[in-house]
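Participant: Would you mind keeping the following structure in view while I ask a few things?
The values are calculated or read from the model by the stated rules, or taken from the named source; none is laboratory data. Since this is a predicted model, take the numbers as computed values, not measurements. In this analysis, Cβ positions are derived from the backbone assuming ideal geometry, glycine residues included, and neighbour counts consider all displayed protein chains. Side chains are part of the model used for accessible areas, which takes the heavy atoms of the whole protein and leaves out ligands, DNA and RNA. Shrake-Rupley method; radii C 1.70, N 1.55, O 1.52, S 1.80 Å.
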Amino acid sequence: EAQVTQNPRYLITVTGKKLTVTCSQNMNHEYMSWYRQDPGLGLRQIYYSMNVEVTDKGDVPEGYKVSRKEKRNFPLILESPSPNQTSLYFCASSLSVRRTDTQYFGPGTRLTVL
Amino acid sequence: AQKITQTQPGMFVQEKEAVTLDCTYDTSDQSYGLFWYKQPSSGEMIFLIYQGSYDEQNATEGRYSLNFQKARKSANLVISASQLGDSAMYFCAMREGLRAGGTSYGKLTFGQGTILTVHP
């Protein structure tokens, strides 16, 4: 089944404790992206990647890192999480960066930083 | 200025009836994609339907259709024969050309969403 998977689905952590949210897609997509969803602010892009080893900042990259060593994986790293990073996080992928390509989303990761 | 505007924070519809969710957008690109996603209470984002700016026909996918009026920059979602399982948040989103805003390539810009409640 074609899908985007994320782990963990739920995470409660404390300020400053490094964490990684994994994202994997099995559709051979070139483009991958991370979004966060917050009440009243909607979905905002954090980072994106157009291909292996090609990553760039989205609208809200502060406090996050990403890597794209393999085409299928695009982990999101929070080196020192803070409470303002409590959010619902989505990984998404599409065949390419073209505007006609649909982005498919993972199931989401609910992160709480205490 | 908002790029995607969904003016209906909440909508109610009777089961088996049709409902239209409004979406207007703002872009100077000639080529762009418009998407609708459904987010049920469980939280996942489910792709529903896509309309390309150059598509002459309105997109349809089962009970979903997109009423695309390019000159008015509107892309309303029509759900026919509503079901209880259609109760969810619905997002309109746009994907612009490679230089969207000059800052990010290929991102989706989302509206604020419309909560649809289907009554039995």
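Participant: log10 I(q)/I(0), Debye, Cα-only segment B:1-65, no solvent, q = 0.24, 0.25 Å⁻¹?
Facilitator: Here log10 of I(q) over I(0) equals -1.38, -1.42.
Participant: Now, a different point. Could I have the simple spin-label model distance between B:N67 and A:R110, label points 7 Å from Cα toward Cβ, reported in nm to one decimal?
Facilitator: 3.5 nm
Participant: Just counting partner chain Cβ atoms within 10 Å, what average do the residues of peptide A:94-105 show around their Cβ?
Facilitator: 6
Participant: If you count, for every residue in A:29-36, the Cβ atoms of partner chains within 10 Å of its Cβ, what is the mean?
Facilitator: The mean count of partner-chain Cβ atoms within 10 Å per residue comes to 2.
Participant: Oh, and also: Using a 1.4 angstrom probe on heavy atoms only, work out the carbon and sulfur share of the accessible area of segment B:31-85 in %. Write down the numbers at each step before the final one.
Facilitator: On the way: 1210 of 2590 Å².
About 47 percent, which is the carbon plus sulfur part of the accessible surface.
Participant: Rounded if a/c is under 1.5, else prolate if a/b beats b/c, else oblate: with a ≥ b ≥ c from the C-alpha gyration tensor eigenvalues square-rooted, which is chain A? Write down the numbers at each step before the final one.
Facilitator: Details: a/c = 1.68, a/b = 1.63, b/c = 1.03.
Note, shape of chain A comes out prolate.
Participant: Next question, about the same structure. Please list, by residue number, everything in segment A:85-114 whose backbone N is under 19 Å from a paramagnetic label point 7 Å out along Cα→Cβ of A:N28.
Facilitator: A:93-98, A:101-104
Participant: Given a 1.4 angstrom probe, what's the average accessible area per residue across the protein assembly as shown, in square angstrom? Present the calculation step by step, with values, prior to reporting the outcome.
Facilitator: On the way: 11000 Å² over 234 residues.
Ligands and nucleic acids excluded, the result is 47 Å² per residue.
Participant: How much length is gained on full extension from A:T5 to A:T20, taking 0.36 nm per residue of separation minus their Cα-Cα distance?
Facilitator: Numbers: separation 15, 0.36 × 15 = 5.40 nm, distance 1.39 nm.
Full extension of this stretch gives 4.0 nm more.
Participant: Same structure again: Rg and Dmax of segment A:1-63, Cα atoms, in Å?
Facilitator: Computed over the Cα atoms of segment A:1-63, radius of gyration and Dmax are 13.3, 37 Å.
Participant: A further question on this structure: Mind giving me the nanometre distance, one decimal, between the label points for A:S80 and B:S80, set 7 Å out from Cα along Cα→Cβ?
Facilitator: Between A:S80 and B:S80, the label points sit 5.8 nm apart.
Participant: Separate question: Is the shape of chain B rounded, prolate or oblate, going by the alpha carbon gyration tensor and its root eigenvalues a ≥ b ≥ c, with a/c under 1.5 for rounded and a/b larger than b/c for prolate?
Facilitator: Verdict is prolate for chain B.
Participant: Subtracting the Cα-Cα distance from 0.36 nm times the residue separation, let me have the gained length for B:D55 to B:K3 in nm, one decimal.
Facilitator: The span from B:D55 to B:K3 would gain 16.7 nm if fully extended.
Participant: Of A:P61, A:W34, A:V14, which is farthest along the charge dipole of segment A:10-99 in the positive direction, counting Lys and Arg as +1 and Asp and Glu as -1 at C-beta?
Facilitator: Selected residue: A:W34.
Participant: Taking the alpha-carbon centroid of each part, what is the distance from segment A:1-26 to segment A:91-114 in angstrom?
Facilitator: One Cα centre to the other: 12 Å.
Participant: Quote the FRET efficiency, to the nearest 0.05, computed for B:T117 versus A:D59 with a Förster distance R0 of 41 Å and r equal to the Cβ-Cβ distance.
Facilitator: Values: r = 31 Å, r/R0 = 0.75.
With a Förster radius of 41 Å, E is 0.85.
Participant: Whole Å is fine, so just give me how far the alpha carbon centre of segment A:34-58 lies from that of segment B:17-80.
Facilitator: 22 Å
Participant: A further question follows. How big is the charge dipole of segment A:18-104 about its Cα centre, in debye rounded to the nearest 20, if each Lys and Arg gets +1 on its Cβ and each Asp and Glu gets -1 on its Cβ?
Facilitator: Here the size comes out at about 120 debye.
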